[in-house]
There are 2 protein chains.
Amino acid sequence: MPESGDVDVGRELRARGKRMTVQRRLVLEALERTSHHTTADEVARQIRERYPQIDPSTVYRNLEALEELGLATHTHLNDRVTRWHRADLERHGHLVCRVCGGEQEVPLRALDPLDAVLRAEHGFAADLAHSALVGICASCARVSAGG
Amino acid sequence: MPESGDVDVGRELRARGKRMTVQRRLVLEALERTSHHTTADEVARQIRERYPQIDPSTVYRNLEALEELGLATHTHLNDRVTRWHRADLERHGHLVCRVCGGEQEVPLRALDPLDAVLRAEHGFAADLAHSALVGICASCARVSAGG
DNA sequence: GGTCTTAATGCAAGTCCTCGCACTAAGATC
DNA sequence: GATCTTAGTGCGAGGACTTGCATTAAGACC
């Protein structure tokens, strides 16, 4: 059983004037191995086990390249580190609590009303999976309300 | 005419066990002088004209302190730099276009439907002024649709 | 398989912060 | 106004990227 779509990816890359390098393949494989969100640093660490000389900047550039190809996407959860994941996973929004730091996922469908308003009134097609919505979660609100 | 509420701020600070330092005052004044969004770096640069030895970390810490006091807030526009502004300005959401980088403001009221859904279904009180919504603006959508 | 073009890599330096720590100075108390 | 506690400062180092540049190596063409 071949690595999922490895050949196709190579073809797709070449069709776009890009190349399939060992580093690129390793980034792609690392991304496929971790099905949930991961960080560039985590990807780099994984790769370094087999290919120690990889440079962090190469990882960043490859994640971007894969995103351009539609194979990866990134999300900003907590203002600081960027989270990466495979593009074929179901997209969802994120709610992160500024008090406890907790994070919950929301189906993008729940954000449809917002999407509709923004499109209708501003012609703006928002990518609601891209940035987390920051606020205060139910349990922290309960505490601060004086429980 | 005294600087707006300078004395009150000092009192408020002391009431919270905090102090009014020259640096703090300068950060506050810089924030008051620029009524729109600004960056920590811009604030630092402004202060340095009159007080060259100020350290960037002091500016960051003071912006945070003023935020804690409810005098400042920050917004993440384009994933990279943090924008600061006075808390007394009208709050609004931001739509930033990932193609042209353009930014438009939306009254928070426009985001009410989203707020309602998140509260009802997730008990989550989102701060919709905190993070910009990333997406594609009307004019860029028109171009890529083939105009 | 050799040549050649240029995308991609690795390295170093830079940006925007954040954090730990020793020192300084607000401001409360005498 | 001297003393004392501790919040706040400056400095240095570190983290998460980003960027410019010389070098390397995909992969297209012979």
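The values are calculated or read from the model by the stated rules, or taken from the named source; none is laboratory data. All figures in this text were calculated on a predicted structure; none of them were measured in a lab. We place every Cβ from the backbone using ideal geometry, glycine too, and count neighbours over all the protein chains shown.
General observations
- Pairs, first in contact (Cβ under 8 Å) with a residue 40 or more places away in the chain in region A:34-48, second within 11 Å of DNA strand D (Cβ to nearest atom) and not aliphatic (A, V, I, L, M), C-beta under 6 Å, six or more apart: A:H37/A:R83; A:T38/A:W84; A:A40/A:Y60
- Test for B:L111: is it buried (at least 20 other Cβ atoms within 10 Å of the Cβ), at pLDDT below 90, within 9 Å of chain A (Cβ to nearest Cβ) and out of contact with any helix residue (DSSP H, G or I) (no Cβ under 6 Å at 6 or more places or on another chain): yes
- Among residues of region A:65-77, those that are within 12 Å of DNA strand D (Cβ to nearest atom) and not aliphatic (A, V, I, L, M), counted: 4
Yes/no per residue for (1) among the acidic types (D, E); (2) under 15 Å from A:R83 (Cα atoms); (3) away from DNA strand D (no atom under 13 Å from the Cβ):
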{"residue": "A:L26", "(1), (2), (3)": "no, no, no"}
{"residue": "A:A30", "(1), (2), (3)": "no, yes, yes"}
{"residue": "A:T34", "(1), (2), (3)": "no, yes, yes"}
{"residue": "A:H37", "(1), (2), (3)": "no, yes, no"}
{"residue": "A:R48", "(1), (2), (3)": "no, no, yes"}
{"residue": "A:S57", "(1), (2), (3)": "no, no, no"}
{"residue": "A:L63", "(1), (2), (3)": "no, yes, no"}
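- Of the residues B:R80, B:R98, the single one that is within 13 Å of DNA strand D (Cβ to nearest atom), closer than 29 Å to A:P107 by Cα and touching a strand residue (DSSP E or B) at 6+ places or on another chain (Cβ under 6 Å) is B:R98.
- Residues of region B:119-142 satisfying the condition of being free of Cβ contacts under 8 Å to residues at least 12 places away in the same chain and more than 7 Å from every other protein chain (Cβ to nearest Cβ): B:R119, B:A120, B:R142
- Hey, A:A44 within 15 Å of DNA strand D (Cβ to nearest atom) and over 30 Å from A:G135 (Cβ atoms) or not: yes
- For region A:72-82, the count of residues that are farther than 30 Å from A:G135 by Cβ and touching a residue at least 12 places away in the same chain (Cβ under 8 Å) is zero.
- Evaluation of B:H74 against the conditions (1) at pLDDT 95 or above; (2) touching a Ser or Thr at 6+ places or on another chain (Cβ under 7 Å); (3) not small (G, A, S) shows that the sole unmet condition is (1).
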